[in-house]
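Just so it is clear, none of the values below were taken in a lab; they were calculated from the coordinates. This structure is a prediction, so every number in the text was calculated from the model and none was measured. Neighbour counts are summed over all protein chains in view; Cβ atoms, including those assigned to glycine, are modelled from backbone coordinates with ideal geometry.
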Amino acid sequence: MDSVFHVNPQLDIPIYQQLVDRVRTAVKQGTLADGQQLPTVQELAEALGVAKGTIKRAYDELEHSGLVEKIQGRGTFVCYKPVELGSRKDRAMAAIDQLLDSLEDMGFSAWEVKIFLDLKLRQRENREFRLKVAVLECNPENLSQLSEQLRSVEGIEVCSYLMDNVRSYPYPMAENMDLIITTTEHAQEISALLGGSSKLVRIALRPESRCLSRIIRIRKDATVGILSESVRFGQILLGTCQDYNHSIHLTQPVQLSQTLDLESYLADKDAVLLPKDYENHCSAKNRQLLADFAARKRLIPCAYEMDEGSFLYLEERVRRALEEKPI
């Protein structure tokens with residue numbers, strides 16, 4: 001079965017909604033072409049091992065959205081053709097015509113429609129406008145820290161996504177977000193997943209100056225441990241230590257977990273690196289063990305931040321997006 005129709009039962013998202021989002025994305029990106037026939041309800045239900053009612057519900061929603069059409073006796077076909085109008089004014093007038101047609105079909109008079117439009121316009125004038133910004137990273141530590149930094153940028157609402165989740169479930173991000181921020185390491189992959197997007201903002205991360213200076217000052221021949229929530233963040237910290245302090249004895253990163261015997265792990269360490277928000281990733285008992293360790297030896301909370309050039313570039317992209325956003 002085509003990967004377009006792949007679903008993940010482990011996700012906390014209804015199967016029918018996963019199918020709707022996958023097909024919508026494939027249609028908008030051209031993976032499913034106009035006129036292409038979709039599998040029958042029976043075929044797709046058997047291939048995915050789900051109830052026929054689930055498939056029917058997804059197809060009904062796609063039909064209601066105008067992305068597919070059902071032809072009696074023949075099947076379900078893609079019927080999406082991108083509108084190619086010449087100017088923003090043309091597109092706006094077409095959208096207004098579509099809205100007015102829908103309201104007329106619902107039986108509202110021109111006078112009633114005017115009241116509704118005036119009410120909604122007043123509501124929008126009174127609200128603080130915000131851009132919706134997606135942040136994508138491969139590990140929860142950097143994702144959390146980067147999202148926190150971005151919340152200091154005026155005018156944006158931050159939505160955070162782990163790369164693994166984006167890979168397994170192609171949320172229609174390019175349609176629903178105003179900007180999509182990721183590191184240079186993941187930019188090419190994200191661009192491919194989204195079918196290319198002018199909304200993509202590439203940034204570079206660097207160690208925070210405070211944690212970097214503390215790593216550099218670790219004494220020669222010290223035994224240094226690395227604790228992390230994810231394997232990836234542990235490897236990033238390992239690489240940073242190898243780059244900036246060649247005189248220490250590094251041990252392989254270990255994940256903070258309920259099964260870790262932290263007391264034994266800390267016994268032979270002179271210094272330990274761990275995420276800046278490590279308290280969120282360990283039990284009360286382990287938090288106390290780390291506090292006791294910090295009173296005797298070096299406990300170094302670590303974080304990564306956007307470099308200055310990336311931050312200035314992001315602020316410029318946000319400014320332009322706010323100016324270009326229709327009111």
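What is the local net charge at residue 179, summed over the other residues whose Cβ is closer than 12 Å to its Cβ (Lys, Arg +1; Asp, Glu -1)? Could you put the intermediate results ahead of the total?
On the way: positive: 130, 132, 199, 202, 317, 319, 320, 325; negative: 157, 178, 315, 316, 324.
Summing Lys/Arg as +1 and Asp/Glu as -1 gives +3.
Under the rule that a partner needs its Cβ under 4.7 Å from the first Cβ, which Cys of the chain have none?
79, 138, 159, 241, 282 - these cysteines have no disulfide-compatible partner (Cβ-Cβ under 4.7 Å) in the chain.
Taking 7 Å along the Cα-to-C-beta vector as the label spot, tell me the residue 37-residue 297 distance in nanometres, rounded to one decimal.
6.8
Among 116, 293, 77, which one moves the most in a GNM of the chain with springs linking Cα atoms closer than 10 Å?
Comparing 116, 293, 77 in the GNM, the peak value goes to 116.
Only four residue types carry charge here, +1 at the Cβ of Lys and Arg and -1 at the Cβ of Asp and Glu. Report the dipole size of region 142-213 about the Cα centre in Debye, rounded to the nearest 20.
On the way: 6 positive and 9 negative charges, 38 e Å.
Result for region 142-213 is approximately 180 debye, rounded to the nearest 20.
Taking R0 as 35 Å, what's the FRET efficiency between residue 95 and residue 3 from their Cβ-Cβ distance, rounded to 0.05? Could the numbers behind the result be given before it?
Values: r = 33 Å, r/R0 = 0.93.
Taking R0 as 35 Å, the efficiency between residue 95 and residue 3 is 0.60.
Across the chain, where is the longest run that never hits GluC sites (Glu not before Pro) in a DSSP loop with at most 13 other C-beta atoms within 10 Å?
Values: sites that count: 84, 128, 154.
In short, 155-327.
Rounded to the nearest 20 debye, what is the charge dipole size of the chain about its Cα centre when +1 sits on each Lys and Arg Cβ and -1 on each Asp and Glu Cβ? Intermediate values should be presented prior to the final figure.
On the way: 41 positive and 48 negative charges, 128 e Å.
For this selection, approximately 620 debye.
At 222 nm, what value in deg cm²/dmol follows for the chain if DSSP H runs of at least 4 each add -39500 (n - 2.57) and the sum is divided by all its residues, to the nearest 500? Intermediate results must be reported in sequence, preceding the final value.
On the way: 14 runs with 158 residues, N = 327.
Computed mean residue ellipticity for the chain: -14500 deg cm²/dmol.
So what is the relative contact order for region 137-265, in percent, with contacts set as C-alpha pairs under 8 Å and at least six apart?
Relative contact order comes out at 21 percent.
Quick check on my link table: of 28/52; 276/297; 132/276, which ones sit more than 21 Å apart, alpha carbon to alpha carbon?
Values: 28/52 25 Å; 276/297 17 Å; 132/276 26 Å.
Over 21 Å Cα-Cα: 28/52; 132/276.
Within a 10 angstrom radius of the beta carbon, how do 201, 231, 133 rank from fewest other beta carbons to most? Display every interim value, and only then the final one.
Details: 201 20, 231 12, 133 26.
Ranking 201, 231, 133 by Cβ neighbours within 10 Å, fewest first, gives 231, 201, 133.
Find which of 116, 37, 252 sits farthest along the positive direction of the dipole of the chain, computed with +1 on the beta-carbon of Lys and Arg, -1 on that of Asp and Glu, about the Cα centre.
Ranked along the dipole, the leading option is 252.
To the nearest 0.05, how large is the calculated FRET efficiency for residue 120 and residue 268 if R₀ is 51 Å and r is the Cβ-Cβ distance? Please report the intermediate quantities before stating the final value.
Values: r = 66 Å, r/R0 = 1.29.
After rounding, the FRET efficiency stands at 0.20.
Once you keep just the Cα pairs under 8 angstrom separated by 6 or more residues, what percentage relative contact order results for the chain?
Averaging sequence separation for qualifying contacts and normalising by length gives 14 percent for the chain.
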